[in-house]
């Protein structure tokens, strides 16, 4: 019985440890690290959409493929925003960082959502907004090494 | 069919069939994150699968029995049961991931959520397993999988600095944004993807189904020695293209459509369509192989009648296990679980369970009772033992690395 409990506890610890990449942050440094991971993932998604939309605009891709790529990125960004927003900021400095990252994620999500709407309507998406968002995310990452 | 054509077809099948969803994701992801800094792992993995697949084929050809059947007889039911449970679980995850891969490939053409296509894909896979002949399955999907050569074409079309790429591959360095733990974790993922256990179960069971004898050993060796390394080159091309196109943009691969994005960027619509066809064929072929492997492992352990060549009414339990595995795999995906996470877990856990698969093969391949005069030579045993040490280190390190890196995040 005791052995079973230990095995179950280990299994739960394993699943929890592996499945949720964003745990609690008790210090500003830890919070900043999570912000960095989030912004890096956001940049990856925005750049993916930028490349996909650019390929579509050049006639190098087709609509259904681009729509799936953009929707996947939009879902991922929504998830990132929700997950980062759920982390308790440990102090006042972290509050400011939280607002900063939330704004960046919001802009990224807006740009990607607009791209998704345009692609689904077979219209030309606004790549300038995506470039701007990707650039802002890259600059933030450079400023928080 | 002439002997030459048969060998040629076998080699093509081995190339096209080498890559599955695990290879696609692992190679693209490592290329995007580490450039060619982990290319050496692909080479190590290819040599490993070549050594052990040849051994498994030789065991099947000389004994007329598949690996799992012999594992139980040689190592006893308890050890074999541990082996069965681990292999079946990992095989199940891989099957679910492959079904997702097929559904995602189709969704890229249909423009609908892949989840909607999962039931139809599962049904299609089952129909093909049920109705299509063994040789046709191998050749059709293996050769269609050659469409993935479009990644090689894309790489050549990119005209990269080959010298710099070679330097990056031969002088692996840790990117500043990565840690030694993530580097080791992705090395294990690549290794697990190259040496996935189901490949050996399917390979040896298929050899028995096709009635291989000692006369087929030359064909076996050619398929393995030529086909698998060329398949490995395909993996490297996927990694290299991702490192050239996705890495400079700071893109990390989290979805299957991202894997083919570089091909669209470089080769346009036709290239993209060919790449999607390749993904479809690679994952469909692997879904069939993993579905059959589920039936093979369980039926061979329990001593049931098994085989695709055996009529369903003569091997009902084998066919039932295959069917139930496919249905459960589809239901697992319909729960909304992230298919890429399933893929990553399947290849990493494969790595953790590798010794369970490969150690018994090595034991049997050295037993003259089963092998007659075809036991391993000294050089082969030295290589195989070295690999067994690597496999054991990998198995021990996998779970701690998975926890430390939070699944490579």
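The values are calculated or read from the model by the stated rules, or taken from the named source; none is laboratory data. Computed from a prediction, not measured in an experiment: that's the story for all the values here. Cβ coordinates were reconstructed from backbone atoms using ideal geometry, including for glycine residues, and neighbour counts include every protein chain displayed.
If you filter region B:329-360 down to residues that are in a helix (DSSP H, G or I) and out of contact with any helix residue (DSSP H, G or I) (no Cβ under 7 Å at 6 or more places or on another chain), you find that the one that is nearest to residue B:393 (Cα to Cα) is B:341.
The single residue among A:91, A:72, A:107 that is under 19 Å from residue A:127 (Cα atoms), modelled with pLDDT under 95 and surrounded by fewer than 18 Cβ atoms within 10 Å (Cβ to Cβ) turns out to be A:107. Residue A:36 satisfies every condition listed in (1) at pLDDT 90 or above; (2) assigned to a helix (DSSP H, G or I); (3) facing chain B (nearest Cβ under 10 Å); (4) touching a helix residue (DSSP H, G or I) at 6+ places or on another chain (Cβ under 6 Å) except (4).
Condition test on residue B:93, is it within 14 Å of chain A (Cβ to nearest Cβ), in a helix (DSSP H, G or I) and touching a residue at least 60 places away in the same chain (Cβ under 8 Å)? Taking the combined requirement at face value, the residue satisfies it. All of B:224, B:200, B:253 fail the test of being within 14 Å of another protein chain (Cβ to nearest Cβ) and either out of contact with any strand residue (DSSP E or B) (no Cβ under 8 Å at 6 or more places or on another chain) or at pLDDT below 90 (or both), apart from B:253.
Within region B:292-316, the set of residues being touching a helix residue (DSSP H, G or I) at 6+ places or on another chain (Cβ under 7 Å) and in a helix (DSSP H, G or I) comprises B:292, B:293, B:294, B:295, B:296, B:297, B:298, B:299, B:300, B:301.
Of the candidates B:85, B:117, the single residue that is farther than 30 Å from residue A:52 by Cα, in a helix (DSSP H, G or I) and within 14 Å of chain A (Cβ to nearest Cβ) is B:85.
A count restricted to region A:45-62 and to residues that are in a helix (DSSP H, G or I), facing chain B (nearest Cβ under 7 Å) and either buried (at least 24 other Cβ atoms within 10 Å of the Cβ) or more than 16 Å from the chain's Cα centre (by Cα) (or both) stands at 4.
Could we say that residue B:279 is closer than 29 Å to residue B:337 by Cβ, crowded, with 23+ Cβ neighbours inside 10 Å and either more than 11 Å from chain A (Cβ to nearest Cβ) or at pLDDT below 90 (or both) here? So residue B:279 fits the description; yes.
The condition (being modelled with pLDDT under 90 and either within 14 Å of chain A (Cβ to nearest Cβ) or over 19 Å from residue B:319 (Cβ atoms) (or both)) is satisfied by just one residue among B:230, B:246: B:230. Of all residues in region A:88-116, those satisfying the criterion of being more than 14 Å from chain B (Cβ to nearest Cβ), within 19 Å of residue A:45 (Cβ to Cβ) and more than 12 Å from the chain's Cα centre (by Cα) are A:100, A:103, A:110, A:111, A:113, A:114, A:115. Just to be sure before I move on: is residue B:82 in contact (Cβ under 8 Å) with a residue 40 or more places away in the chain and either touching a strand residue (DSSP E or B) at 6+ places or on another chain (Cβ under 9 Å) or buried (at least 24 other Cβ atoms within 10 Å of the Cβ) (or both) in the structure I sent? For residue B:82, the condition - in contact (Cβ under 8 Å) with a residue 40 or more places away in the chain and either touching a strand residue (DSSP E or B) at 6+ places or on another chain (Cβ under 9 Å) or buried (at least 24 other Cβ atoms within 10 Å of the Cβ) (or both) - is not met. The residues listed here are B:345, B:358; of these, the one that is out of contact with any strand residue (DSSP E or B) (no Cβ under 7 Å at 6 or more places or on another chain), within 14 Å of chain A (Cβ to nearest Cβ) and surrounded by 17 or more Cβ atoms within 10 Å (Cβ to Cβ) is B:345.
Inclusion of residue B:270 among residues that are closer than 21 Å to residue B:329 by Cβ and surrounded by fewer than 24 Cβ atoms within 10 Å (Cβ to Cβ) is not warranted. Could you tell me whether residue B:157 is more than 21 Å from the chain's Cα centre (by Cα) and either in contact (Cβ under 8 Å) with a residue 12 or more places away in the chain or in a helix (DSSP H, G or I) (or both)? For residue B:157, the condition - more than 21 Å from the chain's Cα centre (by Cα) and either in contact (Cβ under 8 Å) with a residue 12 or more places away in the chain or in a helix (DSSP H, G or I) (or both) - is met. Quick one: residue A:125 ticks every box in (1) over 21 Å from residue A:61 (Cβ atoms); (2) touching a helix residue (DSSP H, G or I) at 6+ places or on another chain (Cβ under 6 Å); (3) not in a helix (DSSP H, G or I) bar one, so which box is it? Evaluating residue A:125 over (1) over 21 Å from residue A:61 (Cβ atoms); (2) touching a helix residue (DSSP H, G or I) at 6+ places or on another chain (Cβ under 6 Å); (3) not in a helix (DSSP H, G or I) leaves (1) as the failure. Can you report the number of residues in region A:67-86 which are more than 9 Å from chain B (Cβ to nearest Cβ) and in a helix (DSSP H, G or I)? Of the residues in that region, 12 qualify.
Taking the stated definitions as given, is residue B:136 out of contact with any helix residue (DSSP H, G or I) (no Cβ under 7 Å at 6 or more places or on another chain) and closer than 30 Å to residue B:331 by Cβ? Taking the combined requirement at face value, the residue satisfies it.
Filtered by the rule that a residue be within 14 Å of chain A (Cβ to nearest Cβ) and not in a helix (DSSP H, G or I), region B:367-409 gives B:405, B:406, B:407, B:408, B:409.
When we screen B:274, B:265 for residues that are modelled with pLDDT of 90 or more and at the interface with chain A (Cβ under 10 Å from one of its Cβ atoms), the only hit is B:265. In region A:117-140, the qualifying residues are those that are within 19 Å of residue A:36 (Cα to Cα) and surrounded by fewer than 16 Cβ atoms within 10 Å (Cβ to Cβ), and the one that is farthest from the other protein chains (Cβ to nearest Cβ) is A:132. For region B:180-291, the helices (runs of 4 or more DSSP H) that sit wholly inside it and include 3 or more residues that are more than 13 Å from the chain's Cα centre (by Cα) and under 30 Å from residue A:74 (Cβ atoms) are B:180-194, B:228-245.
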